[in-house]
Structure formats: structure tokens, C-alpha cells
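The values are calculated or read from the model by the stated rules, or taken from the named source; none is laboratory data. As the structure is a computational prediction, the values presented were derived from the model and not from experiment. Neighbour counts run over all protein chains shown; Cβ positions are idealised from the backbone, glycine included.
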Amino acid sequence: MNQAAQRTALSHTTQNLLSSFNKRLQDDLNSMYENFNEIVKSAKVEEHALLDRPTQNYFDIYQMRVRAANIVRAGESLLRLISELKTFIILNDFPSINHDVTERRNTLNQNHKVYTEHLIKLKDEFTTALHELESEQSIGKNKPTPSGS
């Protein structure tokens, strides 16, 4: 099934949700990229800065911390997105779930047949052993017992 056919098969709500996931992914990746670039830019030393060097250093350190926090926030957002995608796949992957259930049912049915055959075989063995014991017992009753008198 090609991608176009899959998209038409999805409901409108599912398509909106997937679009939302895709937009969040792009936004978070862009945020990480932009913040990283700004950290690299602020790491460059400018000779002719408008501020004196200590002030510029404090400003750069503050800016790097803010940018690093933004990168961490975007990373956490990506981890939440991954978790939501896993949940979405688990809850909406009906063909895979049905396939797994069918395979499990077939395995259990095969096990049931094997165990039933074993039980029938054991029943037959017990029946045979019981008949042999009963015949031994009846032969033992019919034997004349030696009397001591």
C-alpha cells in the first residue's frame, strides 16, 4: 500500500494529529539548531564591542545559559513527542495488533491440541493399566486359597 493510499485511509482527525506531530518535530529541531548557532556566535570574541569586556562576558555567559536551557527544553519536548508517537502507534496499529492476536490464538490452539492428545494417550494408558489390575484382581479372587486346616 503506497503512501497516498495510506493517507486517504486515515481519518481526518488522525491526519491532523500526525500533522501536529510533524510540526512539533520541525519546531523543536529548528529551535535546537538556532540556539546552538547562537551559542557558537556568542562564543566568538569581538575586538570592538560596544560594551566593556567583563560586561560583554557576563552578557555572553547569560545568553549561552539561556540558549542551552532552550536546547534542553526542545530536547525534552522531542522526548515527549516520541512518547506520544509510541502511544499513538500502540493504540492505532490495529492490523499489527490483530496479527499478533491471531498468531497467539493459533499457538494456543496448537498447544491445546498437543495437550489434548497427551491427555487422551494418558487416559488410554490408565484404562489399559486399570483393566490389567482388575483382571489380576479377579484372577486372584478366583484362585483357591490354601487352607491351613
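Just one residue in the set Phe88, Phe126 is aromatic (Phe, Trp, Tyr), part of a helix (DSSP H, G or I) and in contact (Cβ under 8 Å) with a residue 60 or more places away in the chain; that residue is Phe88. Within this structure, Leu119 passes the test of being surrounded by 10 or more Cβ atoms within 10 Å (Cβ to Cβ) and not aromatic (Phe, Trp, Tyr).
This table checks each residue for (1) over 25 Å from the mean Cα position of the chain (by Cα); (2) β-branched (Val, Ile, Thr).
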position	(1), (2)
Val45	yes, yes
Gln56	yes, no
Ile61	yes, yes
Ala74	no, no
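Considering Leu79, Leu17, the condition of being at pLDDT below 95 and either of a type outside the set (Ser, Thr, Tyr) or not in a helix (DSSP H, G or I) (or both) is satisfied by Leu17 alone.
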